[in-house]
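Chemist: One structure coming up, written as structure tokens, with questions to follow.
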Amino acid sequence: MKYTIKIHKISTVDDLENAWNIDDYKELLRRFDFNNDDVNDTKELRELLFMAIADRDPSEAARIVLDYKLSNEMNEHQIDSVSYEMLVDKISEEYPRIGLHKTLFIINQLLYKAFNGKFPNTKATIIDFDITPKANADQNITKEIALKCFAQNLDSHNVIIRLFEKQLNGEEEFNEANDIIWEIQQIENSYRLITSEYFMSSQEFLHEEFEAKIAFFEED
């Protein structure tokens, strides 16, 4: 399948819009013993939460937020371990389960800002682009299609190219694509892709416009 891609904008951000909502803030405030049911303004609730978080030991604060967001994915021992590791390592890039990277990113960045930089700073990459299927190429742009296309426009040292060569070439299934790409949104006739800077940094892109020919795994 062939696609033509035109990149309009590549942004590097340290936060994702709407990663946390009012209910999240209120529940976290309750868990930090900082209830304030009278406040319903998102900005004010965030400021109160930052105060509540900053009053705790960093690893203890991390444990509380991790338990809130990931208690269904991690056991108590894993949460305790990650709460300490987050202080020295970019866990949202290094954790073995790629499917948890996005959630670990938004947790990390909440703690990073609440503690004014005591946690490592991690980044996300947002790409606004057009993609045009050629000939009989699939019109439904999935995470796998987008990832395989963009991989052909990245520096050869890129981590995706190094780790997933067989999947990119269609020699194996590429289930990891759904976790590497956090979101893909269609906005009118254009698209927006969100991923970790670890997987795609703005410095790694080679061209603003390019053509990609991709293959998919087929079982015998």
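The values are calculated or read from the model by the stated rules, or taken from the named source; none is laboratory data. Bear in mind the structure is a predicted one, so any value in this text is a computation, not a measurement. Quick reminder, even Gly has a Cβ in these numbers, built from the backbone with ideal geometry, and neighbours come from all protein chains shown. These accessible areas exclude ligands, DNA and RNA; they are computed on the full protein's heavy atoms, side chains included. Shrake-Rupley method; radii C 1.70, N 1.55, O 1.52, S 1.80 Å.
Chemist: Restrict the check to region 169-180 and report whether at least one residue is open to solvent by less than 20 Å² (accessible area, probe 1.4 Å), more than 23 Å from ILE7 (Cα to Cα) and not aromatic (Phe, Trp, Tyr). Show your work before the answer.
Modeler: Our first condition is that a residue be open to solvent by less than 20 Å² (accessible area, probe 1.4 Å); within region 169-180, this holds for 170, 174, 177, 180.
Still in the list and also more than 23 Å from ILE7 (Cα to Cα): 170, 174.
Adding the requirement that they be not aromatic (Phe, Trp, Tyr) leaves 170.
Yes, that holds for at least one residue.
Chemist: Another question, then. Determine, yes or no, whether ILE160 is assigned to a helix (DSSP H, G or I), over 19 Å from SER202 (Cα atoms), open to solvent by less than 10 Å² (accessible area, probe 1.4 Å) and in contact (Cβ under 8 Å) with a residue 40 or more places away in the chain. Spell out the reasoning first.
Modeler: Working: assigned to a helix (DSSP H, G or I): yes; over 19 Å from SER202 (Cα atoms): no; open to solvent by less than 10 Å² (accessible area, probe 1.4 Å): yes; in contact (Cβ under 8 Å) with a residue 40 or more places away in the chain: yes.
Answer is no for this residue.
Chemist: Condition test on LEU66, is it modelled with pLDDT of 95 or more, out of contact with any Gly (no Cβ under 8 Å at 6 or more places or on another chain), more than 20 Å from HIS101 (Cβ to Cβ) and of a type in the set (A, V, I, L, M)? Even if it seems obvious, please write down each step before you answer.
Modeler: Details: modelled with pLDDT of 95 or more: yes; out of contact with any Gly (no Cβ under 8 Å at 6 or more places or on another chain): yes; more than 20 Å from HIS101 (Cβ to Cβ): no; of a type in the set (A, V, I, L, M): yes.
So LEU66 does not fit the description; no.
Chemist: Given TYR68, TYR84, TYR95, which one is among the aromatic types (Phe, Trp, Tyr), within 17 Å of the chain's Cα centre (by Cα) and open to solvent by 10 Å² or more (accessible area, probe 1.4 Å)? Spell out how you get there, then give the answer.
Modeler: Values: TYR68 fails: within 17 Å of the chain's Cα centre (by Cα); TYR84 fails: within 17 Å of the chain's Cα centre (by Cα).
When all the criteria are applied, what remains is TYR95.
Chemist: What are the residues in region 153-188 that are under 23 Å from GLU219 (Cα atoms) and among the charged types (D, E, K, R), if any?
Modeler: Of everything in region 153-188, those that are under 23 Å from GLU219 (Cα atoms) and among the charged types (D, E, K, R) turn out to be GLU165, LYS166, GLU171, GLU172, GLU173, GLU176, ASP179.
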